[in-house]
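First up is the structure itself, then whatever we jot down about it.
The values are calculated or read from the model by the stated rules, or taken from the named source; none is laboratory data. Values in this document were obtained by computation on a predicted structure and should not be read as measured data. Every residue, glycine among them, receives a Cβ derived from its backbone with ideal geometry; neighbour counts consider all protein chains shown. Note: accessible area is taken over every heavy atom of the protein model, side chains too, but ligands, DNA and RNA are not part of it. Shrake-Rupley method; radii C 1.70, N 1.55, O 1.52, S 1.80 Å.
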Amino acid sequence: MLKLPGLIDPHVHVREPGATHKEDWDTVTQAALAGGITTLLAMPNTQPPIFDEATLNISLDAAKAKARCDYGQYLGAGPANADIVASLAPKAAGLKMYLDSTFGELRLDDMTLWTPHFQQFPKSAPMVMHSESRTMAAAILFSVIYDHPIHIAHVSLKEEILLIKAAKEKGIKVTCEVCPHHLFLTKDSPLPQGEGLGVRVNGRTEVRPRLATQADVDALWNNLAVIDCFATDHAPHTLAEKDSDSPPPGFPGLQTMLPLLLTAASEGRLSVDDIVQRLYTNPKKIFHLPDQPETWVEVDENAVYEIKASDGFSRCGWTPFEGWQVKGRVTKVVLRGKTAFENGKILAESGYGRNVRD
Ligand code: NCD
Ligand code: ZN
């Protein structure tokens, strides 16, 4: 039996408010606990997005009533809310800036809209960037100009990890995370496909950032030292949505991250200590998370089994890793002295979870 600390996932799409047919604060925290995660940080691209005090409270009220593990809620950077989000920083996990994609109220059309956030958001509070490729270079330049540490979400490309490596070597205060699907899948991986789709786009491969090439995946593995955190970017959509004509991008990942990483550890690709650093030690520091006393995760390192969506607690009902054989099973999770998960059953109640900023 292997004993790990309660793990931290700094990048989760909870879907509440607004899309609870995909997931809500109850199901997402069940999936987290089953995956050995005792703290998750929730992204703000909900409906409505979390971008002011009223919307922050909508999410935090739902979380308070329903969450079974500990949590924080990000604020989204919008075109006109820099002063508002700066004043709310102590109540939030941090600020999420969508510099590439566009999300309704969180749309930042040009770089003049980045500046007030870099100027006003407290320097000690986490700022997370969705910034791919050359936009990432721009985000790092802003971080230098405004002397504000940044954390880069879901790094997936060789050019990105090499840029972050070079920035760190210059002493720039940049940290980053990588998702399991960018470590274990490429754009050519044979992913399960919906019935009756014929030659249409396979929506089950759609994720942002997109799955990349083998050379990109190799560059991530070869630069493990540059990766501060692993994060799921758990982005659940239903199978009906994924197999539709306009499939939304996103993969679920809360329950598969640790088994996939433990399997890689059993193959000698990284150590268990490498995993603990990236799922506990580093995120705890980067996101200023409190101690969880009497909290741990028990793993049967030798359990070999197949990943099945039917064993999942997420409401989305599918996984891109269906049928993968993995080695390493979460058998028990104790959160603040209480057994929260054991032998496949969730034991923590709705509302047991705490806001990390309370
Ligand atoms: C995210 C989602 O579904 O919320 N999807 C994803 O593929 N990561 C949003 C996004 O970042 O595009
Ligand atoms: Zn995301």
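One table, with the values for the structure above:
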read-out: Every pair of residues 6+ apart whose Cβ atoms lie under 8 Å, when the first sits in the range 115-131 and is more than 9 Å from Pro149 (Cα to Cα) while the second is within 16 Å of ligand 1 (Cβ to nearest atom) and in a helix (DSSP H, G or I); value: Met129/Met136; Met129/Ala139; Ser131/Ala139
read-out: Residue ID - nearest to ligand 1 (Cβ to nearest atom), chosen from residues in the range 66-111 that are closer than 16 Å to Phe287 by Cα and among the aromatic types (Phe, Trp, Tyr); value: Tyr74
read-out: Of all residues making up the range 132-149, the number that are more than 16 Å from ligand 2 (Cβ to nearest atom), farther than 24 Å from Pro252 by Cα and in contact (Cβ under 8 Å) with a residue 24 or more places away in the chain; value: 11
read-out: Selection from the range 141-163 of residues that are of a type in the set (Val, Ile, Thr) and surrounded by fewer than 22 Cβ atoms within 10 Å (Cβ to Cβ); value: Val144, Ile145
read-out: Conditions (1) open to solvent by 70 Å² or more (accessible area, probe 1.4 Å); (2) not in a strand (DSSP E or B); number of the one not met by Gln292; value: (1)
read-out: Of all residues in the range 232-268 being of a type in the set (A, V, I, L, M) and part of a loop (DSSP other than H, G, I, E, B), the one that is farthest from ligand 2 (Cβ to nearest atom); value: Leu254
read-out: Some residue of the range 116-134 being open to solvent by less than 10 Å² (accessible area, probe 1.4 Å), away from ligand 1 (no atom under 16 Å from the Cβ) and either of a type in the set (Ser, Thr, Tyr) or part of a helix (DSSP H, G or I) (or both); value: yes
read-out: Test: residue in the range 38-58 that is away from ligand 1 (no atom under 14 Å from the Cβ), hydroxyl-bearing (Ser, Thr, Tyr) and within 30 Å of Asp311 (Cα to Cα); value: yes
